[in-house]
1. Yes or no: GLY293 open to solvent by 30 Å² or more (accessible area, probe 1.4 Å) and at positive phi?
2. Please list, ordered by residue number, the strands (runs of 3 or more DSSP E) wholly in the range 33-117 having 1 or more residues that are over 18 Å from the mean Cα position of the chain (by Cα) and more than 25 Å from ALA188 (Cα to Cα).
3. Filter the range 275-290 for residues that are loosely packed, with under 15 Cβ neighbours inside 10 Å and either among the aliphatic types (A, V, I, L, M) or in contact (Cβ under 8 Å) with a residue 24 or more places away in the chain (or both) and give the result.
4. Go over the candidates SER234, SER254 one by one and state the one that is in contact (Cβ under 8 Å) with a residue 24 or more places away in the chain, among the hydroxyl-bearing types (Ser, Thr, Tyr) and in contact with a Gly (Cβ under 8 Å, 6 or more places away or on another chain).
5. Kindly list the number of the only condition in (1) at pLDDT 95 or above; (2) open to solvent by less than 30 Å² (accessible area, probe 1.4 Å) that fails for GLU70.
6. Which of the residues that make up the range 128-171 are polar (S, T, N, Q) and within 20 Å of THR242 (Cα to Cα)?
7. Any idea how many residues of the range 254-274 are surrounded by 18 or more Cβ atoms within 10 Å (Cβ to Cβ) and either touching a His at 6+ places or on another chain (Cβ under 7 Å) or not in a loop (DSSP other than H, G, I, E, B) (or both)?
Amino acid sequence: MVSAVLAFSRSSLILLLLMLTGIAPGMAQSWPSKPVRIIVPYVPGGPTDALTRLVQPRLSELLGQPVIIENKPGAGGNIGLDAMAKSEPDGYALVMVVQSNVVLGPLVNKNLPFDIDRDLTPVAILSEAPTLYATGMSTPVTDMRGLIALAKAKPGQLFYATNGNGSSQHINVARLQKQAGVRMADIAYKGDGAALLALAAGDIQLHAGTANSYIALAKAGKIRVLGVASDKRSKVFPDVPTMAEQGIPFRHGSWFGYMTRKGVPADITARLNREFNRITRMQDVQAQIIALGMEPVQITPKEMGDFIAAELTTWTPVVRELGLTN
C-alpha cells in the first residue's frame, strides 16, 4: 500500500516537473489548438505591418489556426516588446522585431522594463532591406549631396523623422550627420505613416526608411527619393543613385523578423521557424517581398540569435561614440 502510494507520488512529481518546464507529454504536439497572435509594435501602414499582413494568411493556413495581428505602437516599439515580454511562454504570441527595437533601442535605453536576452527568444528573420533617404518636394534638392550641402548652409534648421530615441532612424541619421559634418534636428513620430505625411507637407526635410515606404508618395509626386545606403541600387527605385555613387561612403540597412517569449518549448519555436522559412520560399511571397524593396531571408533560430549578437557587437561602439546612451 505504502509502496504504491510512493510510486504514485513519484509519478505525479515527475509529471508536475515536466509541466512546469513546458515539456509535458503531448503539450507541444497539440500546439496550436487556438489562434496565434502577432504583435506589431508599430502603427499600420509601415514595412513591419505590411510584411506581417503578407505572411499572415499563409501562416494561418500552415498552422491550421487563425493568426491575429495586434498593432501596439509607441516608444520606438518598446510598448509592443514589453507586451510580448509579459505574455505566457506558450507559443501563442509572437512579436515583429527589427534592428531598431532589439539592437539599437536597448543599447540607447538602459532602463527598459524588459530584457531581450532574458525575456525573448529568436524565431526567424524574413527579410532584409537597404535604407533609402527621401525628402518632400518643397525641399530644393535632388540628391543626398544637395541635402547635405543645404544642412551645412542651415545648421540645425533642417528636421528629420525618428520613431523615438534609439530608433533605427535616430541612430542612422545621427551617424550620417557625424560622418558628413552637419547638424539637423530630430522629431519623433509614432510610425512611418505620420512621418511620411509630415515629409510630404514639408514639415521635415529628411526621412530614412525602406523602399516600400516611399512607393505611393513618390509615384504621386509628393516626395523625392535622394539616395540608397547600399552597395547596389534599389530594384524599386533603379534611377536613384547609391550613397557611394554620390561620393558619400555610407551604408545602412534594416532586417525584419519575429521573436517569441523565452521559455516557449523548442519544438514549437522550431515549427514556427520551419513555417516562416517555407513561406519566404513561396514564389508569390518572394515577388511581393521584393516589390516591398526587401530581399527574402531563411534562417534558423540559432543563426538569428548569433546574428543579433553580432549586431550588438557592431553597434555598441557606434552608440557609445555618438553619446546616445541614456
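1. In short, no.
2. 36-40, 67-71
3. If the condition is that a residue be loosely packed, with under 15 Cβ neighbours inside 10 Å and either among the aliphatic types (A, V, I, L, M) or in contact (Cβ under 8 Å) with a residue 24 or more places away in the chain (or both), then ARG278, MET282, ALA287 are the ones that fit.
4. SER234
5. (2)
6. THR131, THR135, THR139, THR142, SER168, GLN169, listed by residue number.
7. So the count comes out to 13.
The values are calculated or read from the model by the stated rules, or taken from the named source; none is laboratory data. This one's a predicted model, so the numbers in the text were calculated from it and none came from an experiment. Reconstructed Cβ throughout: ideal geometry from the backbone, glycine too, with neighbour counts over all protein chains shown. What goes into the accessible areas is simple: the full protein's heavy atoms, side chains included, and nothing from ligands, DNA or RNA. Shrake-Rupley method; radii C 1.70, N 1.55, O 1.52, S 1.80 Å.
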